[in-house]
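Read through the structure below, which is laid out as structure tokens, and then see the notes.
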Amino acid sequence: MRLILRNLGFYLLAFWASITLNFVLPRFMPGDPVSRMFAQAQGTMQPDQIAQLRKLFGLDHRPLWEQYLNYIKSVFTGDLGISITRFPTPVSDVIGQQIGWTLLLGGVALLIAAVLGNLLGIVAAWRRGGVLDSAFPPLLIFVGSFPYFWLAMGALYLFGVSLGWFPLRHAYDVGLTPGFNGAFISNVATHLVLPALTIVLVSIGGWMLGMRNTMIATAAEDYITMAEAKGLSPSRIMFRYAARNALLPSVTNFGMALGFVVGGALLTEVVFAYPGIGYQLLMAVQGLDYPLMQGIFLTITAAVLLANFLVDLVYVRLDPRVRVR
């Protein structure tokens, strides 16, 4: 419990630091969203309207400390401001509409890459020198060295344009009514294949290589030799003894990757026009939508910190050695 509380205090401190940076950085940037809206209105806005917008976006002439306290209060009450590019929609509503698609894409891709990559790494390390151990690691690392967007555009051209097997853009067909029915779920799954495939191809090599190296070190431990001397089956030793202990670093990596699911598919979402947080962040940057950018950055930071804290809880359960710190 002492370890968990100490880590919780660290994450709360890191979250406070991220909130502070999120407040300070836009105020040091040249210009402001109200000036942009005034320019777009081509001089049709009245001075009292400009003053009201500055107050709405927290850019009035109040002292900085007062603005900061109001910002902290707004964050913890779920009020992230008003989006400029989608005015007058609240930022929390914009993020809420998009984050589900990002979690679907990133979560499915991460789960497939982690499970398949770890299984390949376990088998490759246990059968060192075989075809799986000799051919797959360099091949997957070679594929993983390509940027996301390059593989995404290649897959889009080959399977979408040339062969026509999969749709080219969006999360589902235009005109299709969302709902929990077979037709809609099947359509969403079809649109999900190409974006998820590109993420899996880029990341699976790292999962396999990491697990392979850890398994090789674990296989040399004395308790593995003891298990073999007791006459246990190779499959039981591989999964129950070696893989179980070799999985600990992968649990940490999975937690960190889980946190970055929220913002890690930016380029893939842009290429496929997938309506997730990454694509929305690009639109916010192009439109100088500071409140929306702040809200997305804060959401990504909170997701990373929460995922790491959950990994700490799981790690305490899996590895008793950390309890004696």
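The values are calculated or read from the model by the stated rules, or taken from the named source; none is laboratory data. No experiment lies behind these values; they were computed from the predicted model shown. Glycine gets a Cβ as well: all are built from the backbone with ideal geometry, and neighbour counts include every protein chain shown. The protein model used for the area step is the full one, side chains on, heavy atoms only, and it has no ligands, DNA or RNA in it. Shrake-Rupley method; radii C 1.70, N 1.55, O 1.52, S 1.80 Å.
Points to keep in mind about this one:
- Among 176, 52, 14 - extreme Cα towards positive end, dipole of the chain, charges at beta-carbon: 14
- Helix 2-28 vs. the chain, principal-axis angle (Cα, 0 to 90°, nearest 10): 40
- Here, P(r) means the percent of Cα pairs in each 10 Å bin from 0 to the largest distance; for region 87-216 it is 12, 32, 30, 19, 7, 1, 0.
- Whether region 233-315 is rounded, prolate or oblate, judged on the alpha carbon gyration tensor where a/c under 1.5 counts as rounded: oblate
- Gaussian network model of the chain, springs between alpha carbon atoms under 10 Å - residue of 270, 115, 91 with greatest fluctuation: 115
- Within the accessible area of the chain (1.4 Å probe), percent carbon and sulfur: 68
- Quarter the surface of the alpha carbon convex hull of the chain and you get the mean projected area, 22.8 square nanometres.
- C-alpha long axis of helix 64-76 to longest principal axis of the chain, angle in °: 50
- The listed residues 101, 65 rank as 65, 101 when sorted by accessible area, largest first, using a 1.4 Å probe.
- Rg over Rh for region 72-137 works out to 1.40, using Cα positions for both radii and the Kirkwood form for Rh.
- Across the chain, C-alpha contacts under 8 Å between residues 6 or more apart give a mean separation that, scaled by the residue count, equals a relative contact order of 27 percent.
- Angle between the chain longest axis and helix 182-219 axis [Cα atoms, degrees, rounded to 10]: 50
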